[in-house]
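Take a look at the structure below.
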Amino acid sequence: MTDRPALHVAEFHGDGISAELSQSVHTVAAALPLDVRFHAVDLTLESRRKDANACYDAAMAAMRQHGLALKHPTVTEKESPNKILRERCDFSVIHRPVATLPGVKTRHDGKIDLHVIRVAVGGTYEDAGRRIGPDVAVSIRVIERRPSRAAALYAFRLAKALGGGVCSASKYTIQRATDGLFEEVVAAVAKEFPGVAHHAELFDSLLYKLIIKPESYRVIVTPNEYGDFLSDAACGLIGSLGLGASANFGFDDAGNVRYAMFDPAGGTAPDIAGKGVCNPSASILAFAMLLSHAGHRNLGDAVDAAVRGAIAAGESTRDLGGTLDTKGFTAAVCRRLAPAVAAR
């Protein structure tokens, strides 16, 4: 259909199951009343081994042109593509929503509806460290005011929209300089949102409480590595890392989103690559987040609901206890999507 509105998206191709995930997303996109035009960038390990700088330059050119990207899983060898993209795009915020999905077996009976907001840079990931002699290694831990403020602002704006509160979590009693700065920034932002409740918790205590009663939390904002740990742990609470999607945001000086990249939480899964059995849920959910961010919230909501509806009905892949392969699950999502799209 040539009269459909167009949406241009840079697509960063990766390794392992990435090609299968891409095909699944393209199939879902084709079912929408929207002309989604994917602009491919090769970030496979093979290409990066030949000329990594050229790969990342191509990714940045696509990001500058379109401002919007969908990334598939990539292998980390000499460098982490995720880290390089975050640095080049000046991503300061990672948003990982984690919510209970009916039809997925978990060890927790409550309903989880949690948003993890992670500072995308700094922390212990800023410096790979160095050896001092045979028995000692050191690294520098970095907390910066600017990305911490961006993450705090995003968290409070989200909490205000959701009607919930914000919990900031770190080890501020031990890491007094670094985590203390983070909590200082969050507390300052909290004063700009008097209607949004805020409290700080020690990160280890938060993990304990999250396991005991995860439904008590709605929005959590943390420094980089804490957010990384927490995001995967929260996915464990809802039954699978394969259900986690995330958004990465970089902002201009006025606080507006300049670049946005969406990706699944899972890895390249080389053991099942090419077999057509991987679970594309997280990639489709990441695409749903992309649609909502791009101003097509009705379509994003419809895609999200179609994924959840299929899983709830038992139409799921083997890792979730179902019998469908990748194409079969994608088809099930599209079947549920058709009436929802027609009604909008």
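The residue pairs whose first member lies in the range 102-126 and is under 19 Å from Val219 (Cα atoms) and not assigned by TED's automatic domain parsing to the domain that holds Ile84, whose second member is assigned to a loop (DSSP other than H, G, I, E, B) and among the hydrophobic types (A, V, I, L, M, F, W, C), and whose beta carbons are closer than 7 Å, counting only pairs six or more residues apart or on different chains, are Ile112/Ile238. Hey, does the range 281-289 have a residue that's farther than 16 Å from Ala19 by Cα and either in contact (Cβ under 8 Å) with a residue 60 or more places away in the chain or small (Gly, Ala, Ser) (or both)? Yes.
Within the range 336-343, at least one residue is aliphatic (A, V, I, L, M), in contact with a helix residue (DSSP H, G or I) (Cβ under 9 Å, 6 or more places away or on another chain), outside the structural domain of Tyr217 (by TED's automatic domain parsing) and under 21 Å from Leu21 (Cβ atoms). From the list Leu243, Leu324, Leu320, the one residue that fits, being of a type in the set (A, V, I, L, M, F, W, C), surrounded by fewer than 20 Cβ atoms within 10 Å (Cβ to Cβ) and in contact with a Ser or Thr (Cβ under 7 Å, 6 or more places away or on another chain), is Leu324.
How many residues, within the range 8-43, are in contact with a helix residue (DSSP H, G or I) (Cβ under 8 Å, 6 or more places away or on another chain) and outside any helix (DSSP H, G or I)? Number satisfying all stated conditions: 18. Applying the criterion of at least 1 residues that are surrounded by fewer than 17 Cβ atoms within 10 Å (Cβ to Cβ) to the strands (runs of 3 or more DSSP E) found wholly in the range 147-230 leaves 198-202. Taken together, the residues in the range 68-101 that are outside any helix (DSSP H, G or I) and free of Cβ contacts under 8 Å to residues at least 60 places away in the same chain amount to 5.
Filtering the range 3-61 down to residues that are hydroxyl-bearing (Ser, Thr, Tyr) and either without any contact (Cβ under 8 Å) to a residue 12 or more places away in the chain or out of contact with any Gly (no Cβ under 8 Å at 6 or more places or on another chain) (or both), which residue is nearest to His296 (Cα to Cα)?
We begin by selecting, within the range 3-61, every residue hydroxyl-bearing (Ser, Thr, Tyr); these are 18, 22, 24, 27, 44, 47, 56.
So of that shortlist, the ones also either without any contact (Cβ under 8 Å) to a residue 12 or more places away in the chain or out of contact with any Gly (no Cβ under 8 Å at 6 or more places or on another chain) (or both) come out as 18, 22, 24, 27, 47, 56.
On the way: Ser18: 25, Ser22: 20, Ser24: 19, Thr27: 18, Ser47: 33, Tyr56: 28 Å.
Checked the range 3-61; the qualifying residue nearest to His296 (Cα to Cα) is Thr27.
Is at least one residue of the range 171-179 among the polar types (S, T, N, Q), touching a Lys or Arg at 6+ places or on another chain (Cβ under 6 Å) and touching a residue at least 24 places away in the same chain (Cβ under 8 Å)? Looking through the range 171-179, at least one residue is among the polar types (S, T, N, Q), touching a Lys or Arg at 6+ places or on another chain (Cβ under 6 Å) and touching a residue at least 24 places away in the same chain (Cβ under 8 Å).
Looking only at the range 129-146, count every residue that is more than 16 Å from Glu225 (Cα to Cα) and part of a loop (DSSP other than H, G, I, E, B) and tell me the total. Result for the range 129-146: 3.
Output the residues belonging to the range 261-293 that are closer than 22 Å to Ala61 by Cα and either outside the structural domain of Phe329 (by TED's automatic domain parsing) or surrounded by fewer than 20 Cβ atoms within 10 Å (Cβ to Cβ) (or both). The one that is closer than 22 Å to Ala61 by Cα and either outside the structural domain of Phe329 (by TED's automatic domain parsing) or surrounded by fewer than 20 Cβ atoms within 10 Å (Cβ to Cβ) (or both): His293. In the range 294-313, the residue that is surrounded by the fewest Cβ atoms within 10 Å (Cβ to Cβ) out of those that are outside any helix (DSSP H, G or I) and among the aliphatic types (A, V, I, L, M) is Ala313.
On the stretch given as the range 67-101, residues that are surrounded by fewer than 17 Cβ atoms within 10 Å (Cβ to Cβ) and either outside the structural domain of Asp319 (by TED's automatic domain parsing) or at pLDDT 95 or above (or both) total 1.
The values are calculated or read from the model by the stated rules, or taken from the named source; none is laboratory data. Here the structure is a predicted model, which is why all the values come from computation and not from measurement. Methodologically, a virtual Cβ is constructed for each residue, glycine included, from the backbone with ideal geometry; neighbour enumeration extends over all protein chains shown.
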